[in-house]
Amino acid sequence: EGGVSMCSSKPEVKEAEAPNCKKQKAEVTPASEIEGKTESQPLPSKEIRASKRKSPKSRTQKRPSSNLQNTEAPDSIAKRKRQRKVEQNLRIMVTGIELTANYRSKISGIGGELLESIEEAETATHIICSNGKAQMRRTPKLLIGICNTSNLVTTKWLVDSALKRVALPVHNYLVLNDRAFEKKHKFRMRTALANSDTFRQDETTLLGGRDVFVCKDVPENKAPPIEEFKLIVQAAGGNWLSRSPKEKCIIITSDPPTKNQLRVVRTGTKHFTTSWLFNCILSQELHGLNE
C-alpha cells in the first residue's frame with residue numbers, strides 16, 4: 001500500500017508513474033544485474049555503468065610511464081653530473097705504451113683526467129701499462145704508480161669503459177698475465193698488487209722512511225735521471241739524502257757498482273744496486289734487508 005499511496009493524489013498519472021516506481025526499486029539491484037539494461041534506465045544505472053567504464057581510464061592514469069620518464073630525465077642528468085664530479089678523482093696515467101689520440105679521447109669520454117708528467121704519477125688512480133700484446137716495461141712511472149695504486153690495467157679496460165661511458169671495475173683487466181715480464185724481473189704481479197694494497201691499508205710504505213743515498217754516478221747509468229730517481233725513492237717511502245751519509249742508511253750503487261761508488265760505502269753500511277731497488281719496488285717486497 002505504501003508504494004500506491006505515493007501516486008494516489010493524481011489517478012491519471014498513476015499508470016504512467018507506476019513503472020517508474022518499480023524502476024526506482026531496481027536501482028538498488030547489484031551492478032552485475034544492471035550491466036545489461038538499456039539507455040532508458042534511470043540516471044543511477046548510468047552512473048554505475050560510467051563508474052565501470054572509468055576503471056580502464058583510472059588504470060591508465062595510474063600508469064604514467066612516459067610522463068614519469070620525462071619527469072625523471074632532469075634527475076638522470078643531475079645524477080650523471082654528480083657521477084662526473086666523482087670521476088674528477090679518476091686520474092689516469094699511461095706508461096710503457098704509445099699514448100694515442102684515441103686513448104686520449106676515451107679517457108676524456110669516461111670523465112678521467114690524463115696525467116702525463118712523472119711528477120703527477122703518485123696521484124694516479126689507474127695506470128694503463130699494457131696493451132695485452134707486447135711485453136710490459138719497467139718504467140719510472142710504473143714504479144711510482146705501483147706504490148700508490150693497485151689499479152694496473154690493460155688498454156682493454158679503457159676501451160670497455162669508453163663503451164659504457166663510465167670507469168669499470170678493474171678486477172677483470174689487471175695486468176696479471178705477462179709471464180715473460182714476471183720471469184724477467186723475478187716476481188709475481190698478483191702478489192705485488194696485494195702487497196701494495198696492504199701497505200696502504202696499514203698506512204705505511206715499502207721503505208718505511210729509511211734513509212736512501214744514491215751514489216754520484218748512478219743516475220743515467222742504466223738508471224733514470226736524478227730527478228726521476230728521487231721521485232721513485234720518495235714514492236716508495238724513502239728519505240732521499242743529498243750528501244754522503246754519516247749514519248747507517250741504504251746506499252744505492254750502479255749494477256755492477258764502480259770502484260768510486262764502493263769507496264763511499266762505510267763499514268756496516270748496507271749498499272745495494274739499482275736492480276735490487278727497482279725489483280723491490282716492483283714486487284713491493286724488501287729482499288735481503290735485515291735490520
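The values are calculated or read from the model by the stated rules, or taken from the named source; none is laboratory data. This structure is a prediction, so every number in the text was calculated from the model and none was measured. Every residue, glycine among them, receives a Cβ derived from its backbone with ideal geometry; neighbour counts consider all protein chains shown. These area figures cover heavy atoms from the full protein model, side chains too; ligands, DNA and RNA do not enter into them. Shrake-Rupley method; radii C 1.70, N 1.55, O 1.52, S 1.80 Å.
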Revision key, fill the gap. Residues of the stretch 205-226 being without any contact (Cβ under 8 Å) to a residue 12 or more places away in the chain and surrounded by fewer than 17 Cβ atoms within 10 Å (Cβ to Cβ), in sequence order, are Glu220, Pro225
Check your understanding: Filtering the stretch 161-184 down to residues that are touching a Leu at 6+ places or on another chain (Cβ under 6 Å) and farther than 11 Å from Ile127 by Cα, which residue is most open to solvent (accessible area, probe 1.4 Å)?
Key -> Ala167
Review point. Among the residues of the stretch 180-193, is any at pLDDT 95 or above and aromatic (Phe, Trp, Tyr)?
Key: yes
Review point. Within the stretch 150-178, which residues are small (Gly, Ala, Ser) and within 13 Å of the chain's Cα centre (by Cα)?
Key: Ser161, Ala162, Ala167
Check your understanding: Among the residues of the stretch 214-256, how many are hydrophobic (A, V, I, L, M, F, W, C) and in a helix (DSSP H, G or I)?
Key -> 6
Review point. Which of the residues that make up the stretch 86-120 are out of contact with any Gly (no Cβ under 9 Å at 6 or more places or on another chain) and at pLDDT below 95?
Key: Asn89
Check your understanding: Among the listed residues Ser242, Ser254, which satisfies the condition of being among the hydroxyl-bearing types (Ser, Thr, Tyr) and loosely packed, with under 13 Cβ neighbours inside 10 Å?
Key -> Ser242
Review point. Which residues, taken from the stretch 120-141, are under 23 Å from Gly238 (Cα atoms) and touching a helix residue (DSSP H, G or I) at 6+ places or on another chain (Cβ under 7 Å)?
Key: Ala121, Glu122, Ala124, Thr125, Ile127, Arg138, Pro140, Lys141
Exercise for review: Return yes or no: is Ser283 among the small types (Gly, Ala, Ser), under 27 Å from Leu174 (Cα atoms) and crowded, with 20+ Cβ neighbours inside 10 Å?
Suggested key: yes
